[in-house]
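One structure below.
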Amino acid sequence: MIILVFFLCHWFLSLFFQTFFLHRYASHKMFKMNVFWEKTFYFCTFIFQGSSFLNPRAYAIMHRMHHAYSDTEKDPHSPHFIKDVFGLMMKTKDIYISYQKNKVEPELQFRDRYPTWAFVDRVGDLWITRISFGIFYTAFYIAFATHWWMFLLLPIHFLMGPIHGAIVNWCGHKYGYSNYDNADHSKNTLPLDFLMMGELFQNNHHKRPNDANFANKWFELDPTYPVMKLMHFLRIIKLRKV
């Protein structure tokens, strides 16, 4: 039971900060926040993504490219130009690293301000940091796992961020239904997206990329949006009007 709770906490906390901070804030500026809260959520993203921490600026530029070239050969992670999900992960990794090193095409140098924190970016990308998180996950399993098969979950902990991205970009552009014709292959994979906290409403999101609520129809539910509404009410963030 402890291992299951640990796994689910890591899964959903890592996923929340990926969708809330990296995607909806860094990539799309769906809301504003002051410097204190930006640094707080930046650090939380580092902690909960752990060994798979993603640089917010590189993530944001790559995601903007995904929207600009959705499901074309220039899309960094369209499943329609890659034979399997592992190939998609490797292509995404290579493009992410090139953007992390500032190798960005001129048309992708968007004028928007990207959140940056050089110290966290540098520490988060060190191999010693990633390995240390991996040692922590492994030690936790050694201390609390009661069956050998539980250790099969460890690779998911090590690669949590890329796995989340692979699920969203593979399933969200191959499986499900469409509310809108976006001239791409984006799909809404789950009408009640508790698995990926709203990220699998790709068809809705590609139709309205600046809308903080990824659920558009009455039967759809984006679990991240009510959390954002509460933060807006508490004046932690200020949601953008669309």
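Taking the C-alpha atoms only, the angle from helix 224-233 to the longest principal axis of the chain is near 80 degrees. Over the chain, dividing the summed -39,500 (n - 2.57) contributions of all DSSP H runs of at least 4 residues by the number of residues returns a 222 nm mean residue ellipticity of -15000 deg cm²/dmol. Label positions at His147 and Cys44, each projected 7 Å from the Cα along the C-beta direction, are separated by 3.3 nm. Between the Cα long axis of helix 35-49 and the first principal axis of the chain there is an angle of about 60°, rounded to the nearest 10. For the listed residue pairs Lys39/Lys83; Lys39/Lys93; Lys39/Lys101, the alpha carbons are over 30 angstrom apart in Lys39/Lys83. Within the chain, the proportion of Cα pairs with more than 34 Å between them is 13 percent. Which angle from 0 to 90°, rounded to the nearest 10, does the C-alpha axis of helix 160-171 make with the longest principal axis of the chain? Roughly 40 degrees, rounded to the nearest 10.
Counting other beta carbons within 10 Å of each Cβ, put Val120, Val5, Val168, Val227 in order, fewest first.
Numbers: Val120 18, Val5 10, Val168 25, Val227 14.
Going from least to most buried by this count: Val5, Val227, Val120, Val168.
Pairs from the table (Lys91/Lys207; Lys174/Lys207; Lys207/Lys238; Lys29/Lys238; Lys29/Lys229; Lys207/Lys241) lying more than 18 angstrom apart at Cα are Lys91/Lys207; Lys207/Lys238. Once you reduce segment 23-73 and segment 197-242 to the center of their Cα atoms, the two points are 15 Å from each other.
Values in this text are rule-based calculations from the coordinates and carry no lab data. What you see is a predicted model; the values in this text were computed from it and never measured. For neighbour counting, all protein chains shown are included, and Cβ atoms are generated from backbone atoms with ideal geometry for every residue, glycine included.
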